[in-house]
Amino acid sequence: MRHAFLLSLVMGTTWLVLSGYFIGMILTFGLISIVFVVWMTKRLAILDDETVPYLNIAKTCKYYFWLFIEIVKANIQVVKAVISPNSEISPTLIKIPLRSNIDIAQTMFANSITLTPGTVSVDVKEDHILVHALLKEMSNPEDFYEMHTRSAEALSISLKDN
Amino acid sequence: MIISTLSAVILDSNIGWAGLLQVSLSCITIALGLFFVLAGSIGVLRFPDFYTRLHAAGMTDTLGAELILIGLIIQSGFTQTSLKLLMIGFFLLLTSPTATHAIAHSAYTANLKPKLGKHSFSKTRGGRS
């Protein structure tokens, strides 16, 4: 029930933002579409935490703000490597341990790694992520540890210590 | 480019100082975004192997695209258009790393070995050596 409500809330907001018409007929069409989609997801039995993850908006925004600053910093480093005439790069492969086996925590972490320029998550396994880094100073395990902690915090998931 | 746009805007309409500030801020942001897109393209040409080129391409679709979108949001002000642009920006944050990971993962499973270790490419100017 909670999932159905959240899903229809998200879809309703999307409809209003994208259409911008507040006429009775268009709103009725929107309502019909939302009810149809919720019924369909219910029938497919995919109306669960995976389809409708519950996100704390304030925490998620805070995390994305922090990530944006990290992205800007990493971008400047990569731009320096690209533009300087005698640049030296040191590509590195590193295994980053995963401290959670919940899908959305792993996805958020791997997504954040790839989003930061200079690091790409190449392979996601049960207990670690294989990361390709452009420069050796970008493959510092402590930075990834902090990113993992913060991304789990945004999702209100507690991590295992190791 | 910026100066000609600004002068055209000032001559064509009677916008106040707030409008002028809005236009110049958005112009600066879009120009910065274009710089990152250009740097990403240069990186794709200069870097030595597949994985390192992927990093340069990633620069284009993170800060390049996001800065251009932010500039357009500033340009359109508090309207429905800027909400739509905000949505596009949010979706880009989700889709572009997914695409990058899909490409990198398929290259890795196809046994494409990355070049590791220190790599200087001062002599490989203009492409591969």
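Values in this text are rule-based calculations from the coordinates and carry no lab data. Because the structure is predicted, anything quoted here is derived from the model rather than measured. Here the Cβ is made from the backbone with ideal geometry for all residues, glycine too, and neighbour counts use every protein chain on show.
Within 10 Å of each Cβ of A:70-81, how many other protein chain Cβ atoms are there on average?
Details: counts 0, 6, 4, 0, 5, 9, 2, 0, 12, 10, 1, 8.
Averaged over the peptide's residues, the number is 5.
For A:V122, what residues show an amide H to amide H distance below 5 Å, using hydrogens built from the backbone and excluding near sequence neighbours?
It is A:L130, A:V131, A:H132, by chain and number.
Given axes a ≥ b ≥ c from the Cα gyration tensor, I'd like to know whether region A:57-154 is rounded (a/c under 1.5), prolate (a/b larger than b/c) or oblate.
Details: a/c = 2.72, a/b = 1.42, b/c = 1.92.
Oblate.
To the nearest Å, what is the center-to-center distance of region B:29-82 and region A:70-125, using C-alpha atoms only?
Result: 17 Å between the Cα centres.
Starting from 0.36 nm per residue, how many nanometres of slack lie between A:K42 and A:E137 once their C-alpha separation is accounted for? Intermediate results must be reported in sequence, preceding the final value.
Values: separation 95, 0.36 × 95 = 34.20 nm, distance 4.78 nm.
Value of the extension gain: 29.4 nm.
Over all alpha-carbon pairs of region A:2-44, lay out the pair-distance distribution in 10 Å bins, whole %, shortest bin first.
Using 10 Å bins, I get a P(r) of 29, 53, 17, 1 for region A:2-44.
Only Lys, Arg, Asp and Glu count, each charged at its Cβ (+1, +1, -1, -1), so figure out the dipole size of chain B about its Cα centre, rounded to 20 debye.
Numbers: 9 positive and 4 negative charges, 167 e Å.
Dipole of chain B, to the nearest 20 debye: 800 debye.
Could you give the angle, 0 to 90 degrees to the nearest 10, between helix A:2-19's Cα long axis and the longest principal axis of the Cα atoms of chain A?
With rounding to tens, the tilt is 90 degrees.
So if each residue of separation counts as 0.36 nm, and I subtract the Cα-Cα distance between A:L6 and A:Y145, what length gain in nm does that give? Before the final figure, lay out the partial values.
Values: separation 139, 0.36 × 139 = 50.04 nm, distance 3.15 nm.
Result: 46.9 nm gained on full extension.
Where does the Debye-calculated log10 I(q)/I(0) of region A:1-112 sit at q = 0.24 Å⁻¹, using only Cα point scatterers of equal weight, no solvent?
Each listed q corresponds, in turn, to -1.32.
Dipole magnitude of chain A about its Cα centre, charges +1 at Lys/Arg Cβ and -1 at Asp/Glu Cβ only, in debye to the nearest 20?
Values: 13 positive and 15 negative charges, 86 e Å.
The calculated dipole for chain A is roughly 420 debye.
Starting from a Cα-only point model with no solvent, please compute log10 I(q)/I(0) by Debye for chain B at q = 0.12, 0.15 1/Å.
At q = 0.12, 0.15 Å⁻¹ the computed log10 ratios are -0.63, -0.83.
Given the Cα-Cα distance of A:S156 and A:I23 and 0.36 nm per residue of separation, how much length would full extension add, in nm?
Values: separation 133, 0.36 × 133 = 47.88 nm, distance 3.91 nm.
Once the chain is fully extended between A:S156 and A:I23, it gains 44.0 nm.
Select from B:A99, B:A39, B:A110 the residue whose mean-square fluctuation is largest in a Gaussian network model of chain B (Cα-Cα springs shorter than 10 Å).
Its mean-square fluctuation being the largest, the pick is B:A110.
Tell me, what ³J(HN,Hα) does each residue in region A:82-94 have, in order and in whole Hz, if you take phi through Karplus 6.51 cos²θ - 1.76 cosθ + 1.60 with θ = phi - 60° and put x for Gly and Pro?
Going residue by residue, I get 6, 8, 5, x, 10, 7, 10, 10, 9, x, 9, 9, 9 Hz, with x marking Gly and Pro.
Most mobile of A:L55, A:L16, A:L98 per a Gaussian network model of chain A (Cα springs, under 10 Å)?
A:L16
Please give the average number of partner chain Cβ atoms lying within 10 Å of the Cβ of each residue in A:106-116, rounded to a whole number.
On the way: counts 0, 4, 0, 0, 3, 8, 2, 2, 11, 11, 4.
Whole-number average of other-chain Cβ neighbours for A:106-116 is 4.
Mind ranking A:112-125, A:141-154, A:1-14 by how tightly packed they are, going by the mean number of other C-beta atoms within 10 angstrom, highest first?
Numbers: A:112-125: 23.4, A:141-154: 17.2, A:1-14: 13.6.
Going from most to least packed, we get A:112-125, A:141-154, A:1-14.
Expressed as a whole percent, how much of the Cα-Cα distance distribution for the protein assembly as shown exceeds 23 Å? Provide the component values of the computation, followed by the final result.
Working: 26775 of 42195 pairs.
When all Cα pairs of the protein assembly as shown are counted, 63 percent exceed 23 Å.
Dipole size in debye (nearest 20) for the protein assembly as shown around its Cα centre, Lys and Arg Cβ +1, Asp and Glu Cβ -1?
Values: 22 positive and 19 negative charges, 124 e Å.
In debye, rounded to 20, the protein assembly as shown gives about 600.
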